[in-house]
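Q: Quick one: structure below, then a few questions.
The values are calculated or read from the model by the stated rules, or taken from the named source; none is laboratory data. Because the structure is a prediction, the values reported are computed rather than measured. Here Cβ is always computed from backbone atoms with ideal geometry, including for glycine, and neighbour counts include all displayed protein chains. Heads up: the accessible areas ignore ligands, DNA and RNA and are worked out on the full protein's heavy atoms, side chains in. Shrake-Rupley method; radii C 1.70, N 1.55, O 1.52, S 1.80 Å.
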Amino acid sequence: MKQWITKSGYKITRVLSGRSNVFLLSDGVRNTLVDTSVSRLWNKLQKRLDNLGVQSIDYLILTHAHFDHAANARRIKEKYHSKVVIHRDEVNYLTNGDNVLPGGTMFFTRPILNIIGKRLFYFFRYEPCKPDLVVETQYDCKEFEDNLFLIHTPGHTAGSMSFIVDDEIAIVGDTLFGVFKWSVFPPYAVDTKSMVKSWGKLLATNCTVFLPSHGSSVNRDSVQKDYDKRISTIK
Ligand SMILES: [Zn+2]
């Protein structure tokens with residue numbers, strides 16, 4: 001499992017990769033999990049957490065309420081007694097086990113979504129879960145850790161959030177994609193203008209490593225390049 005360690009000693013472990021990345025943040029005492037991947041990977045996720053010796057998870061942060069991020073939220077909450085954290089604009093989806101239907105941002109995803117999107121997303125409904133902590137704009141996690149922030153980075157969905165660790169590493173959900181060589185632009189977004197502005201918010205931190213839910217880590221230059229290219233076209 002790939003790991004990153006920040007200057008203050010936070011360890012970030014990529015517990016699952018491939019379908020969707022799941023990250024565990026640990027300071028040696030407390031554990032925070034970011035996203036949960038899809039329902040069918042529940043056993044694998046538990047095994048990986050066992051291998052890491054994880055017995056309790058203090059917080060489960062959901063970057064947004066799509067099924068490939070939130071499907072195991074209820075199971076995590078029940079098994080590891082975690083507090084579930086999500087943005088206000090995603091609460092209704094999570095409590096209903098529902099997905100925000102995004103618009104396609106690329107020429108090949110737009111028609112696909114228009115035709116089959118609604119049916120597909122109904123098929124991907126997941127076990128509903130009640131959140132314990134609802135974030136509005138920014139949340140300073142200092143009640144449980146130092147130098148950890150959640151910031152609202154809307155665009156992919158209205159309530160997408162990014163987790164800023166030590167002002168060094170950002171766990172960004174689907175606000176960026178690490179899949180395509182030529183761009184960090186995700187294939188699905190509800191509001192592309194907001195998403196580009198959210199990249200600006202991420203670039204306003206000192207983070208140098210961006211960990212998306214899909215694909216590999218993205219460096220600051222790649223985010224800056226896409227941001228510069230698109231921000232001038234946005235009012
Ligand atoms: Zn998503």
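Q: Between D35, D50, which is at pLDDT 95 or above, over 22 Å from V172 (Cα atoms) and among the acidic types (D, E)?
A: Details: D35 fails: over 22 Å from V172 (Cα atoms).
Going through D35, D50 in turn, just one is at pLDDT 95 or above, over 22 Å from V172 (Cα atoms) and among the acidic types (D, E): D50.
The rows are residues; the columns are (1) within 27 Å of P187 (Cβ to Cβ); (2) within 19 Å of the chain's Cα centre (by Cα); (3) within 16 Å of the ligand (Cβ to nearest atom).
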residue: W42; (1), (2), (3): yes, yes, no
residue: K47; (1), (2), (3): no, no, no
residue: D50; (1), (2), (3): no, no, no
residue: G53; (1), (2), (3): no, no, no
residue: A65; (1), (2), (3): yes, yes, yes
residue: R75; (1), (2), (3): no, yes, no
residue: E78; (1), (2), (3): no, no, no
residue: T95; (1), (2), (3): yes, yes, no
residue: D98; (1), (2), (3): yes, yes, yes
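Q: So T157 clears everything in (1) within 16 Å of the ligand (Cβ to nearest atom); (2) open to solvent by less than 10 Å² (accessible area, probe 1.4 Å); (3) without any contact (Cβ under 8 Å) to a residue 60 or more places away in the chain except one condition, right? Which one?
A: Here T157 clears every test but (3).
Q: Determine, yes or no, whether D174 is touching a Pro at 6+ places or on another chain (Cβ under 8 Å), under 22 Å from S17 (Cβ atoms), in contact (Cβ under 8 Å) with a residue 12 or more places away in the chain and not β-branched (V, I, T). Spell out how you get there, then give the answer.
A: Numbers: touching a Pro at 6+ places or on another chain (Cβ under 8 Å): yes; under 22 Å from S17 (Cβ atoms): yes; in contact (Cβ under 8 Å) with a residue 12 or more places away in the chain: yes; not β-branched (V, I, T): yes.
Considered against the rule, which asks whether it is touching a Pro at 6+ places or on another chain (Cβ under 8 Å), under 22 Å from S17 (Cβ atoms), in contact (Cβ under 8 Å) with a residue 12 or more places away in the chain and not β-branched (V, I, T), D174 comes out as yes.
Q: Can you tell me which condition F124 does not meet? The list is (1) within 13 Å of the ligand (Cβ to nearest atom); (2) modelled with pLDDT under 70; (3) open to solvent by 30 Å² or more (accessible area, probe 1.4 Å), and all the others hold.
A: Here F124 meets the rest and fails (2).
Q: Can you name every residue in the stretch 195-225 that is open to solvent by less than 30 Å² (accessible area, probe 1.4 Å) and either in a helix (DSSP H, G or I) or without any contact (Cβ under 8 Å) to a residue 12 or more places away in the chain (or both)?
A: Matches in the stretch 195-225: M195, V196, S198, W199, G200, L202, L203, V223.
Q: While we're on this one: So, of the residues in the stretch 14-50 that are without any contact (Cβ under 8 Å) to a residue 12 or more places away in the chain and not acidic (D, E), which turns out to be surrounded by the most Cβ atoms within 10 Å (Cβ to Cβ)? Write out each step before concluding.
A: Step one: filter the stretch 14-50 for residues without any contact (Cβ under 8 Å) to a residue 12 or more places away in the chain, giving 18, 29, 40, 43, 47, 50.
The next check asks that each one be not acidic (D, E); those that pass are 18, 29, 40, 43, 47.
On the way: G18: 9, V29: 7, R40: 10, N43: 8, K47: 12.
Among those that are without any contact (Cβ under 8 Å) to a residue 12 or more places away in the chain and not acidic (D, E), it is K47.
Q: Could you tell me whether any residue of the stretch 53-69 is part of a helix (DSSP H, G or I), within 24 Å of C129 (Cα to Cα) and modelled with pLDDT of 95 or more? Please lay out each step first, then the result.
A: Residues of the stretch 53-69 part of a helix (DSSP H, G or I): 67-69.
Subset that is within 24 Å of C129 (Cα to Cα): 67-69.
From what's left, modelled with pLDDT of 95 or more: 69.
Checked the stretch 53-69: at least one residue is part of a helix (DSSP H, G or I), within 24 Å of C129 (Cα to Cα) and modelled with pLDDT of 95 or more.
Q: Keeping to the stretch 172-203, report how many residues are away from the ligand (no atom under 13 Å from the Cβ) and over 18 Å from I234 (Cα atoms).
A: Residues in the stretch 172-203 being away from the ligand (no atom under 13 Å from the Cβ) and over 18 Å from I234 (Cα atoms): 4 in total.
Q: Right, here's the next one. Do any residues in the stretch 1-13 that are part of a strand (DSSP E or B) have Cβ atoms under 6 Å from those of residues that are of a type in the set (F, W, Y), where the two are at least six apart or on different chains, and which pairs are they?
A: I12/W4; I12/F23
Q: May I ask you to verify whether A189 is in contact with a Leu (Cβ under 7 Å, 6 or more places away or on another chain), hydrophobic (A, V, I, L, M, F, W, C) and open to solvent by less than 10 Å² (accessible area, probe 1.4 Å)? Even if it seems obvious, please write down each step before you answer.
A: Numbers: in contact with a Leu (Cβ under 7 Å, 6 or more places away or on another chain): no; hydrophobic (A, V, I, L, M, F, W, C): yes; open to solvent by less than 10 Å² (accessible area, probe 1.4 Å): yes.
In short, no.
Q: Are any residues in the stretch 72-87 among the basic types (K, R) and either touching a residue at least 40 places away in the same chain (Cβ under 8 Å) or in a strand (DSSP E or B) (or both), and if so, which ones? Explain how you work it out, then say what you get.
A: Filtering the stretch 72-87 for residues among the basic types (K, R) gives 74-75, 77, 79, 83.
Matches in the stretch 72-87: R74, R75, K77, K83.
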